[in-house]
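Scroll down for the structure; my scribbles are underneath it.
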Amino acid sequence: MGLISRRRDRSAKEPKLKGVFKSYATLGSLNSSELREAFEHLGAKMPHKETEEAMYYADKNKDNLISGDDEFNSLVQYALQKGYGEDA
């Protein structure tokens, strides 16, 4: 698979993943419990570990919430790097 094909494939997964994460955000933000549920939905084998790592990676202002486009985009990038998005 070429670089352009991988980018196209990845960009098709981004809105799906973002939609999954947003669907678990009860007040427009994701707390740790909601994020763990989202990773469980995505088939995480160790959702607690994924939640901790994702929160560290994506929670830029360290308020223990994933909120705003920048943080949700970082969360999606984290999930893609970990191989999520195939069945989103």
Exercise. Rounded to the nearest 500 deg cm²/dmol, what is the calculated helix-only ellipticity per residue at 222 nm for the chain, with -39500 (n - 2.57) per DSSP H run of length n ≥ 4?
Worked result: -21000 deg cm²/dmol
Exercise. Cα axis of helix 3-23 to longest principal axis of the chain: angle in degrees, 0 to 90, nearest 10?
Worked result: 30
Seminar exercise, completed: Expressed in nanometres to one decimal, the distance between label points 7 Å along Cα→Cβ at Glu52 and Thr26 is 2.4
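Where does the chain land on Rg(C-alpha)/(2.2 N^0.38 Å)?
Relative to the rule-of-thumb radius for its length, the chain sits at 1.03.
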For this session: Quick one: angle between helix 68-81 and the longest Cα principal axis of the chain, in degrees between 0 and 90, rounded to 10, please.
Result: 50
Exercise. Which of Lys16/Lys49; Lys13/Lys62; Lys16/Lys62; Lys16/Lys82; Lys16/Lys60 have a Cα-Cα distance over 20 Å?
Worked result: Lys16/Lys49; Lys13/Lys62; Lys16/Lys62; Lys16/Lys60
For this session: Note down the nm distance, to one decimal, between modelled labels 7 Å out along Cα→Cβ at Ser11 and at Asp63.
Result: 3.1
Seminar exercise, completed: Cβ-Cβ cut-off under 14 Å around Pro47, Lys and Arg +1, Asp and Glu -1: the net charge is -2
Exercise. In region 28-88, what trypsin sites (Lys or Arg not before Pro) fall in a loop by DSSP, with at most 14 other Cβ atoms inside 10 Å?
Worked result: Lys45, Lys60, Lys62
Problem set entry | Degrees, to the nearest 10: 47-58 long Cα axis against longest axis of the chain | 80
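How big is the dipole moment of the chain about its Cα centre under a simple scheme where the beta carbon of each Lys and Arg is +1, that of each Asp and Glu is -1, and everything else is neutral? Debye, nearest 20, please.
Dipole of the chain, to the nearest 20 debye: 400 debye.
A short reminder: the numbers here are calculations on the coordinates, not readings from a lab. Predicted model, so just to flag it, every value in this text is computed and none were measured. No Cβ is skipped: glycine too gets one built from the backbone with ideal geometry, and neighbour counts run over all protein chains shown.
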